[in-house]
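**Q** This is the structure, below, for whatever I ask next.
The values are calculated or read from the model by the stated rules, or taken from the named source; none is laboratory data. A quick note: this is a predicted structure, and the numbers were derived from the prediction, not measured. Backbone-built Cβ (ideal geometry, glycine too); neighbour counts: all protein chains shown. For accessibility, only protein heavy atoms count, side chains too; no ligands or nucleic acids. Shrake-Rupley method; radii C 1.70, N 1.55, O 1.52, S 1.80 Å.
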Amino acid sequence: MIEKTKSVFAFASFTSFDAVDCLTGRAIVDCSQVNSQETPNFAVDDFKQRRDYISVQLGDLAQIARELDLERLVTELQKTQADIRKEAFRFVVVGEFSRGKSTVINALLGDRILPASVEPTTAVLTKLHGADQKTFKVRFRDERPEHEITFQQFRDLIAPVQPRRTNKEQCKRYEEQLKEVRSIARIDISHPAWVCKEGVDVIDTPGTNDLDPLREQITYEYIPRADAILFILSAKTPLAQSEVDFLVNRVLKTDVARIFFLLNFCDTLDKNDLEKVTQHCLVNLANTIEQPRLFPVSAKRALAYRLESKGSTSGKMDDSGFPALERALASFLQSERSLAKLRRPTQRGIRFCDELLYGPMAVARSSIGLDIPELQKQISELTPKLQQLQERRQTTITKLRLRLDLKRDELADSLQDNLREIAMSALDAVNTYDGPMDGEALRRALEQCVGPLQSGMQTSFKSATVEAFSAEISRAGSDLSEMIRDLNMLTQNDREISVIDCNLQAGVGAPRKLPAIIPIGAIGAGFLFFPIAVPVIMLATWLFGKFEDFIAGSNSRQAQLAKVRLYVDERYRGTIPSSIESFKDNWNHNTEAALKELTDNFDRRCAEMRESLESALNQLKNATKSASQRESELDQVETRLLQIKQNLASKAMEL
């Protein structure tokens, strides 16, 4: 491995940094070829083109629904179009304290928003998203409503002035500020920066060696939901063992699509030292992750350039290493995650095409040749049957809720037993510890004992949770699908429907028997379900260099270990109730979302069937065309529908 990386380091210089691919031994992006005056390339044009194309198809589909007087479907299609444009990418920035996370984010924003040198006791999870104006909103852990604060209030909140120990009034005010910080879940910041306005949410997490267990748990719950992780390292203290442990046990276990490693403070090293530091990072990262991508940067330089260059074109942005990083992020968004973001609306559009063909269009064809009294009779007979089906639906949903509640409680008991076992293992690690009284050594001993247990528990528990939830949803979905088939039989009488095929099936224009519905049960594990974040009590950590303060006042080794034991017990056993509560809250949230989706889907299909019959009746009452003319019009509508479906299906294959 070392031989492979030796040739990499010709790239490094004091004034220009390139991104490095560990396995190829080549710079990923040659910054000397980057025009530093260019606007950062975060336009992700390819994603926008695909998104706009799909949106046009959905708009055409909504027009057909409008022509068929299906206003409910029109509204749903319009909502899907709007959702595509609201879809955001999520970059989560992680790293230990003093790695320059805030400066990195400020450099991406081109604005000094986040204060540097925030104390661990006042660190807050921050979410930045795009808007025309800067705003700051505080979200609390308790029931208090969110409220907006000023920029200065934001700075004062998370970077308060340290009090003089002799000034009791200042100390009291400082403690009140710390209490307020601990009650905050996160701060939402709106910002007009290009990186946010291009649909990217940037999540700034507290340090991964955070001292607050609740805040630390929130950080780890965000990691599995990230589209990409920006992992900040420091060239001053390159890739500490605690960072490797965090990468292995916390990041790589969550199936994050891509990790970008940023080696910050590269401007503080000369060429030779930077080569050695980069080699050390690459070799060690390659032991844990395939083809790591490392970006030597100076966030300080990048921020200074962007602040100085407002309204002008002077400066040398490539000196900071940021152009390589930004282009790699944009390429990632275009080629990988952007495709995943478009799959759901594309599949939904295809499903709507099928539902129109097998529902309203089938009813319209079946009504050709009927007289008004006969169709009115069908509508009249349908009403009580729909009521019966909805009563059956409600019974199915009620039983599903009860079964899901039972599963939740079973899994919560299992989680509690696992967490207690982990807590006991952590205490055993302290009781048997015979190494030096050093914060890093103690942390490593705990990691070696507890880390594998936590990782194994998280993997197995997540698998059991997904399997249990999906199985119950699929079971109920199958029952509801049978009801929908019964509903279709009420109006179609199992007639064979002939449609123009548009080359989607063998034989253009060949008649075929269409399936009754798109099964609701099929959405149980994918369309409805999203993974439940598994709460895991985080590793006990201390701020390096301050462990002496932690054990201050305890003279003997036994007394110092006793203090450590109390701390570890609080961190592991003391947070079990909040972890169980967090799991139940997540499960309940997923349950309500799934039940609502199943109920809405079923009720929508019932409403569409009634609307289809009423639409057919209105058209029959206002008929000015012969049956053959009406048949021809329906053929044209079907051709349009199948063309839209073909367009969406082709796009789906690209995704």
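**Q** Sorting check: for 154-160, 319-325, which peptide has the highest mean count of neighbouring beta carbons within 10 Å, and how do the rest follow?
**A** Sorting 154-160, 319-325 by mean packing, highest first, produces 319-325, 154-160.
**Q** Say the cut-off is 21 Å between C-alpha atoms; which of Lys168/Lys563; Lys596/Lys645; Lys137/Lys341; Lys271/Lys316; Lys86/Lys584 go over it?
**A** In this structure, Lys168/Lys563; Lys596/Lys645; Lys137/Lys341; Lys86/Lys584 exceed 21 Å between Cα atoms.
**Q** Under a crude label model (7 Å from the Cα following the beta-carbon direction), how far is Arg72 from Glu381 in nanometres?
**A** So the two model labels end up 2.1 nm from each other.
**Q** Would you kindly compute the Cα radius of gyration of region 353-429 and its largest Cα-Cα separation (Dmax), both in Å?
**A** When restricted to the Cα atoms of region 353-429, Rg and Dmax are 26.3, 83 Å.
**Q** While we're on this one: Can you order the peptides 229-237, 609-617 by their average number of other Cβ atoms within 10 Å per residue, highest first?
**A** 229-237, 609-617
**Q** Could you state the accessible area per residue of region 71-116 in Å², with a 1.4 Å probe and every protein chain left in place?
**A** Ligands and nucleic acids excluded, the result is 37 Å² per residue.
**Q** What whole-number distance in Å separates the alpha-carbon centres of region 48-103 and region 357-380?
**A** Between the Cα centre of region 48-103 and that of region 357-380, the gap is 35 Å.
**Q** May I ask for the net charge around Glu71, where only other residues with Cβ less than 14 Å from the Cβ of Glu71 are counted and Lys, Arg are +1 while Asp, Glu are -1?
**A** Once positives and negatives cancel, what remains is -1.
**Q** Continuing with the same structure: By its C-alpha gyration tensor, with a ≥ b ≥ c as the square roots of the eigenvalues, how is region 585-655 shaped: rounded for a/c under 1.5, else prolate for a/b larger than b/c, else oblate?
**A** Taking the square roots of the gyration eigenvalues as a ≥ b ≥ c, region 585-655 is oblate.
**Q** Given the peptides 380-391, 642-653, arrange them by the average over their residues of other C-beta atoms within 10 Å, most packed first.
**A** 642-653, 380-391
**Q** Over all distinct alpha-carbon pairs, what is the Kirkwood Rh of region 382-486 in angstrom?
**A** Value: 17.5 Å, from the Cα pair sum.
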